[in-house]
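The values are calculated or read from the model by the stated rules, or taken from the named source; none is laboratory data. All figures in this text were calculated on a predicted structure; none of them were measured in a lab. Glycine also receives a Cβ, built like all others from the backbone with ideal geometry; neighbour counts cover every protein chain displayed. What goes into the accessible areas is simple: the full protein's heavy atoms, side chains included, and nothing from ligands, DNA or RNA. Shrake-Rupley method; radii C 1.70, N 1.55, O 1.52, S 1.80 Å.
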Amino acid sequence: MRGTRPPASLAPVARLAGQVRSPEFLEGLGKGLEDYFPDISHVVFHFPSGGRPTVLASNLSAELDRRVLMPYVERMYLLDPFYRHWQIVPRAGLWTLDEIAPAGFRDSDYFATYYRDLGLYDEAAAFFPLGQGECLSLSFGFYRRHHATGQAELMDTLAYLFPLLEALIRQFWLASSLHLPAPHESPTLLESFGQECLSERERQVAWLILRGHTGPEMAKELGITLGTLKNHRKRLYAKLNIGSQAELFRQFMLFQHRETRA
């Protein structure tokens, strides 16, 4: 049984509770985690019942976003021990890399490429089921060996906070009308998203990104080259003043929130 360690204050969780019906919740979740673990790298993923993960929030640098998150959602997630563990054991819980990785994982090519070469030497994750096979996953990466926050301390504190976070995340997901676009949904809502600054093609690219398509899949869907697709995505991000999928999702959430309350 994992131990628990109460944090010095529950103020970050109390602040998060006040955002549970707001599109600011995911950003607030990240800020709350940073209050408890100021030197830790974290990513909030949505794991669907089938298909690619989506990055909902992250505090990684632009360089790590490019080197870590982009290849992860494109293809590397298929080899990720945490994603594979969720597919096999879809239940709430806290896990360290060594608890769920197969024997010899740290000697594998995947570990050498996706961990050691990027300076990531350890990882932990929390799974919060959302129902119907979906999950919100908090991934914690250790990119420096001498963190002020050790892995054991982080896991003990998370174990203490877990029931609170689980309840808040479930209420946010269930009570809110905000959600990821499903593959079968038409892009009706997106027709006005970014209409004041995005071209029709850029709005199409945004919709495909939100639905979790890879670059090659988007290029094929739109009948354009991968280079042209990259130019559209670059212009889309520049016009919205964002730099990642997580930021695009947050802007779309804010847009949905305004539209549903209009």
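Looking at the structure I just gave you, is PHE172 touching an Asp or Glu at 6+ places or on another chain (Cβ under 6 Å), open to solvent by less than 20 Å² (accessible area, probe 1.4 Å) and either assigned to a loop (DSSP other than H, G, I, E, B) or within 23 Å of ALA246 (Cβ to Cβ) (or both)? So PHE172 does not fit the description; no. The residue pairs whose first member lies in the range 11-27 and is of a type in the set (Lys, Arg), whose second member is assigned to a helix (DSSP H, G or I), and whose beta carbons are closer than 7 Å, counting only pairs six or more residues apart or on different chains, are ARG15/GLY28; ARG15/GLY32; ARG21/ALA175. Mind checking whether some residue in the range 17-33 is open to solvent by 40 Å² or more (accessible area, probe 1.4 Å) and among the aliphatic types (A, V, I, L, M)? Among the residues of the range 17-33, at least one is open to solvent by 40 Å² or more (accessible area, probe 1.4 Å) and among the aliphatic types (A, V, I, L, M), which makes the answer yes.
Tallying residues that are out of contact with any His (no Cβ under 9 Å at 6 or more places or on another chain), of a type in the set (A, V, I, L, M, F, W, C) and open to solvent by less than 40 Å² (accessible area, probe 1.4 Å) within the range 219-237 yields 3.
In the range 17-39, the residue that is modelled with the highest pLDDT out of those that are of a type in the set (A, V, I, L, M, F, W, C) and outside any loop (DSSP other than H, G, I, E, B) is ALA17. Among the conditions (1) under 19 Å from the mean Cα position of the chain (by Cα); (2) closer than 23 Å to PRO129 by Cβ; (3) polar (S, T, N, Q), the only one that SER41 does not satisfy is (2).
In a residue-by-residue description of the range 40-52, the property of being outside any strand (DSSP E or B), open to solvent by 20 Å² or more (accessible area, probe 1.4 Å) and under 24 Å from ALA112 (Cβ atoms) applies to at least one position.
Evaluated against (1) out of contact with any Phe, Trp or Tyr (no Cβ under 8 Å at 6 or more places or on another chain); (2) open to solvent by 50 Å² or more (accessible area, probe 1.4 Å), LEU158 falls short on exactly one condition, (2). Total residues in the range 46-60 satisfying the condition of being of a type outside the set (Lys, Arg) and touching a helix residue (DSSP H, G or I) at 6+ places or on another chain (Cβ under 8 Å): the figure is 9. Beta carbons closer than 6 Å, at least 6 apart along the sequence or on distinct chains, never pair a first residue in the range 180-207 that is at pLDDT 60 or above and surrounded by fewer than 11 Cβ atoms within 10 Å (Cβ to Cβ) with a second that is assigned to a loop (DSSP other than H, G, I, E, B) and among the charged types (D, E, K, R).
Of all residues in the range 4-16, those being aliphatic (A, V, I, L, M), open to solvent by 60 Å² or more (accessible area, probe 1.4 Å) and not in a loop (DSSP other than H, G, I, E, B) number 1.
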